[in-house]
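The values are calculated or read from the model by the stated rules, or taken from the named source; none is laboratory data. Because the structure is a prediction, the values reported are computed rather than measured. Note: ideal-geometry Cβ built from the backbone for every residue, glycine included; neighbour counts use all protein chains shown.
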Amino acid sequence: MSSKRRAIVLPVVLVLVGLLALVMAGFVFFMRAEMSGLSARRDIQQAHLAAESGLQEVLLTLREARFDSKQWFDVPDVFRHGLVYSEAFERDDDPVREQSGSREQYLEENDLVPPAWRFSVVAVSFDDQPDMMRYGVTPEASRMNINGATEEELTALVEPILYDLGLENAPELVACMLDWLDEDDEERTNGAESTYYNTLEPGYYAKNGPVDTLEELLLVKGFSAAVLYGEDVNRNGILDPNEDDADDSFPYYDNADGILDYGIAPFLTVWSSEPGAEGQNVAGKINVNTAPLRVLQAIAGMTPEGAEQIVAMRQEMDGEALLEPQWVQTTGVLDPETYEAVKDRLTVQALQFHVEILGYADHVRIARRYEWVLEMRGPIAQVLYHRDLTRLGFAWPIDEDTFVAAEQ
Ligand SMILES: [Ca+2]
Ligand SMILES: [Ca+2]
Ligand SMILES: [Ca+2]
Ligand SMILES: [Ca+2]
């Protein structure tokens, strides 16, 4: 080989080696991305399964003690940081439970925490201190059934909520909602029926009957996400900083008054029903042991003081004593006339449950958030509704006992 040709071969080989190295680097980069994508997908799936495990824990509890609200309404011992699986410890020696129940502290004190998957069953705590939460499930009968309540009850519940949100047209919004629900096509004052909805692009008809979901109300004239969810856009019952800074950040309509103003959705349901005397289902009785104050106060014939005393008294009583709705009379919180007026609207039964569960881990920052509506038919649970809420954010301050957004 002449020295001239050799001089050409070397650079060619070098260029080839360089190109090969580039291809290899590209391949390695691609494989790494693929692997981390895979492990992220695996983690997401694990978080999902952790939440599903939480659902099984809920079902177990409901099968055993469906009517005893003390077993499932607010039970942090069972429903907070529930351990699904860890390579390093069992449920009985879970360091988070052993060390004063603070997961935050446990994570801070240990640089390398072993893989551990957990769930929390979370719920809004309406009548507690502001910005508190609950670990448990909620009977749908805690809420007012929009398809089962009277127009007077719906007005008594919804109008004050809308005024609190600063909506001056609250009566008009209520009129439109009632027109949407009532059978006829006659507009009440400031209401809206199909003649109005037909003029929209695209046009549609008023429902003129029971709604299937609360979100359906977004079709009602004047209704928006603000009406349904109020300032609580991440739906955790807690005033988050962005929910109290007016138009600095989404939501842009909050009034920055330091108080969480709810929308109407947390107080309404389409799911509650129980078997009546004649065998057919009765929609919309209200669970006197779990309904928030606002809902109790809206029951036709209820007095404001009576509702307040029910809320105060039921916290003092044990689960056994709450199993008959007559307790509101026998303990004297309602006088006989008030009791007579409201007794047909009250129940202690709980058949449909709203369940919200977070699935997450100690060792990776991945979490999923889901909601279910379950109906318990004896020991059998039927899922009526299921939704992935992960896009609303993790939201719940599960690593703190209390959470005061104003101090953030
Ligand atoms: Ca109508
Ligand atoms: Ca919130
Ligand atoms: Ca805001
Ligand atoms: Ca507010």
Where in the stretch 267-369 are there helices (runs of 4 or more DSSP H), lying fully within it, with 3 or more residues that are among the small types (Gly, Ala, Ser)? 304-316
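Quick one: is residue 270 within 16 Å of ligand 1 (Cβ to nearest atom) and of a type in the set (A, V, I, L, M)?
no
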Residue 293 fails exactly one of the following numbered conditions: (1) more than 20 Å from the chain's Cα centre (by Cα); (2) surrounded by fewer than 22 Cβ atoms within 10 Å (Cβ to Cβ). What is the number of that condition? (1)
What number of residues within the stretch 322-359 are more than 19 Å from residue 300 (Cα to Cα) and of a type in the set (Asp, Glu)? 2
Mind listing whichever residues of the stretch 67-93 are touching a residue at least 12 places away in the same chain (Cβ under 8 Å) and assigned to a loop (DSSP other than H, G, I, E, B)? 67, 68, 72, 73, 74, 75, 80, 81, 87, 88, 89
Residue list for the stretch 240-295, restricted to those being out of contact with any strand residue (DSSP E or B) (no Cβ under 9 Å at 6 or more places or on another chain), away from ligand 2 (no atom under 15 Å from the Cβ) and either at pLDDT 95 or above or among the acidic types (Asp, Glu) (or both): 247, 248, 278, 293
Somewhere in the stretch 224-234, is a residue of a type outside the set (A, V, I, L, M, F, W, C) and either assigned by TED's automatic domain parsing to the domain that holds residue 368 or away from ligand 4 (no atom under 16 Å from the Cβ) (or both)? yes
Which numbered condition in (1) part of a helix (DSSP H, G or I); (2) more than 23 Å from the chain's Cα centre (by Cα); (3) at pLDDT 90 or above is the only one that residue 38 fails? (3)
Cβ-Cβ below 8 Å, separation at least six or inter-chain, first residue in the stretch 168-190 and under 18 Å from residue 264 (Cβ atoms), second among the polar types (S, T, N, Q) and not in a loop (DSSP other than H, G, I, E, B): which pairs? 174/155; 178/155
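Among the residues of the stretch 116-136, is any in a helix (DSSP H, G or I), without any contact (Cβ under 8 Å) to a residue 24 or more places away in the chain and either at negative phi or crowded, with 21+ Cβ neighbours inside 10 Å (or both)?
Kept after step one, since they are in a helix (DSSP H, G or I), are these residues of the stretch 116-136: none.
No, there is no match, as no residue in the stretch 116-136 is in a helix (DSSP H, G or I), without any contact (Cβ under 8 Å) to a residue 24 or more places away in the chain and either at negative phi or crowded, with 21+ Cβ neighbours inside 10 Å (or both).
Residue 47: touching a residue at least 12 places away in the same chain (Cβ under 8 Å), among the aliphatic types (A, V, I, L, M) and in a helix (DSSP H, G or I), yes or no?
Values: touching a residue at least 12 places away in the same chain (Cβ under 8 Å): yes; among the aliphatic types (A, V, I, L, M): yes; in a helix (DSSP H, G or I): yes.
In short, yes.
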What pairs come out if I take residues in the stretch 237-250 that are under 20 Å from residue 123 (Cα atoms) and pair them with residues that are more than 16 Å from ligand 1 (Cβ to nearest atom) and of a type in the set (S, T, N, Q) whose C-beta lies under 6 Å away, six or more apart or interchain? 241/408
Can you find even one residue in the stretch 266-274 that is within 16 Å of ligand 3 (Cβ to nearest atom) and either in contact (Cβ under 8 Å) with a residue 40 or more places away in the chain or on the phi > 0 side of the Ramachandran plot (or both)? no
How about the stretch 324-374: which of its residues are out of contact with any helix residue (DSSP H, G or I) (no Cβ under 8 Å at 6 or more places or on another chain), over 22 Å from residue 292 (Cβ atoms) and outside the structural domain of residue 292 (by TED's automatic domain parsing)? 363, 365
